[in-house]
Amino acid sequence: MWNLARVAWNLRQSRRLSFAIPPSISATQIDPSFFKRGLPFTTCKGFSTLETQESGGLIPSELLTKKTVLRPDRDIGQYADLVTRVTNFHGEDKGFMVLAGDVFDVPIRKDIIHRVVRWQLAKRQQGTHSTKTISEVSGTGRKPYRQKGTGRARHGTLRGPQFRHGAIMHGPKPRSHAIKLQKKVRRLGLKIALSARTAEGKLIVFEDLALPSHKTKNIVNYVTQMENTKKVLLVDGGPIDDKLKLATRNLHYVNVLPSIGLNVYSILLHDVLVMTQDAVNRIVERMHTPINR
């Protein structure tokens, strides 16, 4: 029985290999030592993309995708302090700023992000759905007809779930959908989200978010100059300026938050994260504050 299973497994593997390699190329033409060289690769939707120039033509071009492989100059998640450029809406150079490594250079963990987002969405769910039980349905309480002698089914009320406009059995009632999550996990999730945007180069630090006027065109002109950007999140340290509120409230792709309201789900919803120096300092201070048990 074990031999039959082994033969079936070998047959499936051979079929998969025949589909993966074009008919014009045989498996013997590929150097087996190629897969042991540790060449850089990246995965995209379940496929591994290898660099053609480093493979030396050992892997046929038909098996490679056209997507280029991005290899950062440094490893992500080393808790190293980072230096970033400070600018403003006009693109002026305002110096440099050091980002704390234990907040903006944390190892990326998708499981933590998943837990925090699930906690956020469950906590904001209203839970106001409600159905009526048999004691809450309006109607008479008398017995519709006598118990025996009619040839019909036995019923004691017309408010039962088997009747139209009757009660709903085991239906939903108002409740809280919130789940519990440790504070240190929530804090780690925010650090990972900030580190991910920093590693992608999608974190921009501004000196401030001051605008000359409340006109929406001031924000539109700035966003149109940014490449590969669909949604932008502006984070200020303190209360949001009235001019900034008026300039962004009519744009569905630009949102504004104070630093106290910065959360993981909002960061993931936006492509680019723009933070002021004050917001960065307040976030770092918040992350360094001991957790009260």
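The values are calculated or read from the model by the stated rules, or taken from the named source; none is laboratory data. Since the structure is predicted, the reported quantities are computational estimates derived from the model, not experimental observations. A quick note on method: Cβ atoms are made from the backbone with ideal geometry, for glycine too, and the neighbour counts reach across all protein chains shown.
Would a scan of the stretch 116-131 turn up a residue that is of a type in the set (D, E, K, R), assigned to a loop (DSSP other than H, G, I, E, B) and touching a residue at least 60 places away in the same chain (Cβ under 8 Å)? Steps first, answer last, please.
Of the stretch 116-131, the ones of a type in the set (D, E, K, R) are 118, 123-124.
Then keep just the ones that are assigned to a loop (DSSP other than H, G, I, E, B); that gives none.
So far as the stretch 116-131 goes, no, none of its residues is of a type in the set (D, E, K, R), assigned to a loop (DSSP other than H, G, I, E, B) and touching a residue at least 60 places away in the same chain (Cβ under 8 Å).
Candidates Asp81, Asp111, Asp75: the one that is touching a Gly at 6+ places or on another chain (Cβ under 8 Å), more than 30 Å from Ser213 (Cβ to Cβ) and among the acidic types (Asp, Glu) is Asp81. Ala193 satisfies every condition listed in (1) within 30 Å of His252 (Cβ to Cβ); (2) modelled with pLDDT of 95 or more; (3) more than 24 Å from the chain's Cα centre (by Cα) except (3).
Within the group Asp102, Asp111, Asp75, which residue is assigned to a helix (DSSP H, G or I), charged (D, E, K, R) and loosely packed, with under 12 Cβ neighbours inside 10 Å? Quick ask: steps written out before the conclusion?
Details: Asp102 fails: loosely packed, with under 12 Cβ neighbours inside 10 Å; Asp75 fails: assigned to a helix (DSSP H, G or I).
The unique qualifying residue is Asp111.
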